[in-house]
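In what follows, a structure is listed as structure tokens, so that the remarks can point back to it.
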Amino acid sequence: MLGFILANVLIFFIFIMIIAGIAATANHEFTLKDNSVFHLKLDGEVIDRSKNDMYQEFFSSVNTSRLGLDDILLSIEKAKNNNKIKGIYLETDFSAIGISSAREIRNALIDFKKSDKFIVAYGGVYTQTAYYIASVADKIILNPHGMLEFQGLSVSPVFYKGALDKLGIEMQLVKVGSYKSAPERYTNTEMSEENRTQVTAFLSSIWNTMTAEIAATRHVSKEQLNEYADEALTFSLAEKAVANRLVDTLLYKDEVDSILAKYIGDEAKYVSLAEMKTVPNTKQDLVSDKIAVVYALGAIDAGFGGEENISSEDLAKTLLEVKDDDNVRAVVLRVNSPGGSAYGSEQIWRAVSLVREKKPVIVSMGDYAASGGYYISCAADRIVAQPTTLTGSIGIYGLIPNVQGLTDKLGITYDVVKTNDLADMPAINRPFTEREHSIMQAYVNEGYELFVKRCADGRQKTADEIKAIAEGRVWTGADAIEIGLADTLGGLSDAIRIAAETAGVEKYRTAEYPEKKEFLQELLESLNGGVQAKILQMQLGDNYKHYLMLKNAAQMNKIQAILPLDLEIK
């Protein structure tokens, strides 16, 4: 037994030493050579902000690779400004990227081309979003037996009501907003007409943006692109993609080297994203003035999805710390959130308001900044959104399960002793009484009125003007500007520039908050929990989100301001 214990202790310390070695290697500064080509390989999930993920090192699979949008954008900028980088070799294969994140990468690549450097794109399989990025390349190459997905966008929400009915579970709903569709998955078996209307509208808006921009760079009309989509080009031979001028040539991957050699007149020396991350940024000025970029990523106090969630308490604390830092001249709040707890959203709104009293606050919206995500954004001086951002969804709801049907089937009974009529409210073992439902509805109504007031004050509109565009309706960033919920189109870099201009500073450096945790710190904290969830996520893949929603449905006893978490555009 003693030998077994000592062996495990020894293995643990060896494991720690290996991790430390990986961390040291990751932090080693990479030296560029002449005729280097930045090999930007988008082959996993792109998230707003990278992190030192020990799971990716030891439990890696196709579905778990994660790339930071922050690393990608900064690496493209460094490649643009470094004379040793001659071009970018963009390789995409089954990458999972939000459309707004994809547009940020795409615009960064367009900016890169202003340096008169080349971009060559290669893919065995181009998803529509990946092709949207690749369409800016000087040459687009597809494998002779590859696939180019091009058939339009779709949304296919999952509904659990039928399964809950069979179990004898009723989800009791109180909400404000006829377009507030998040709870429909538990109360409906299909989309409501209001939800179908808004989904149709924002899908059309996003598709129009994508096709217009692809048409501009590939010199193919939008009408032709829609004809190709109607034919489901996805399932055509690769030669048709060339004939339709969406792809320039068909080559195997081993033939790409010869193409790149023609651009640089020599054999290319590839630099990976991991290596490019450690290359010094020669453009960053060493000055005291800072533009703080504060990240608000994930659901707000909602208990969905674990590590990517926003803790309202932690985020509020971070914002107040930034407020008191005299070297921070302005704040960019990067929001990529479908919302969450209405209470948590209010606490973050309060912190944003306090920061704004002292220095400018600019919001940069990512793929989502809706419901609670919009709540925490509306107090900013200006809101910058992508045309494909999903935002708005000004509405709230409460969802209380009633499991009496299930417990009756199982023969489980309840009894209660109480001092007052409503002492056991809300109870999950019985349906609401009429009085209880009225009380809950009044509570939700008050929350909605407060949400509307926050938006009206922040956007300098009347409550009636906000209500006319509220009701829980989701808008794209392009539409949000038209109706006054956002101010200008752009990405994170545009928001930073606007923040500096608003603060009146010319020379500045950016600082990210909260600070990223070191590799070993992430490891030690993860050993305290999260391993089981991570392994389960790897096993279930895309179905993990459904597991989370069903797991949390029975625990959803707080007022929510959130988008459907399974709202996935394909």
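The values are calculated or read from the model by the stated rules, or taken from the named source; none is laboratory data. Note that the structure is a prediction, hence the values are computed from the model and not measured. Neighbour counts are summed over all protein chains in view; Cβ atoms, including those assigned to glycine, are modelled from backbone coordinates with ideal geometry.
Summary table below
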| read-out | value |
| --- | --- |
| All helices (runs of 4 or more DSSP H) inside segment 434-502 with 2 or more residues being within 30 Å of Asp289 (Cα to Cα) | 434-459 |
| Total residues in segment 82-104, condition in contact with a Leu (Cβ under 7 Å, 6 or more places away or on another chain) and in a helix (DSSP H, G or I) | 2 |
| Tally of residues being without any contact (Cβ under 8 Å) to a residue 24 or more places away in the chain and not charged (D, E, K, R) across segment 236-264 | 5 |
| Qualifying residues in segment 221-275 (those that are in contact with a Lys or Arg (Cβ under 7 Å, 6 or more places away or on another chain) and in a loop (DSSP other than H, G, I, E, B)) - the one farthest from Ser75 (Cα to Cα) | Arg245 |
| Test: Ala427 is surrounded by fewer than 16 Cβ atoms within 10 Å (Cβ to Cβ), of a type in the set (A, V, I, L, M, F, W, C) and not in a helix (DSSP H, G or I) | no |
| Entirely in segment 282-394, the strands (runs of 3 or more DSSP E) that have 3 or more residues that are at positive phi, touching a residue at least 60 places away in the same chain (Cβ under 8 Å) and buried (at least 23 other Cβ atoms within 10 Å of the Cβ) | none |
| Given (1) in the same structural domain as Asn107 (by TED's automatic domain parsing); (2) surrounded by 16 or more Cβ atoms within 10 Å (Cβ to Cβ), number of the condition Leu237 does not satisfy | (2) |
| Cross-chain or 6+ apart pairs with Cβ under 6 Å, segment 449-460 first and touching a residue at least 12 places away in the same chain (Cβ under 8 Å), then among the small types (Gly, Ala, Ser) and part of a helix (DSSP H, G or I) | Val452/Ala463 |
| Residues located in segment 164-184, provided they are of a type outside the set (A, V, I, L, M) and within 21 Å of the chain's Cα centre (by Cα) | Lys180, Ser181, Pro183 |
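Quick grid of which residues meet (1) among the hydrophobic types (A, V, I, L, M, F, W, C); (2) in contact with a Phe, Trp or Tyr (Cβ under 6 Å, 6 or more places away or on another chain); (3) farther than 19 Å from Ile119 by Cβ:
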site: Ala238; (1), (2), (3): yes, no, yes
site: Asn244; (1), (2), (3): no, yes, yes
site: Asp248; (1), (2), (3): no, no, no
site: Tyr252; (1), (2), (3): no, no, yes
site: Ser258; (1), (2), (3): no, no, no
site: Glu267; (1), (2), (3): no, no, no
site: Ser288; (1), (2), (3): no, no, yes
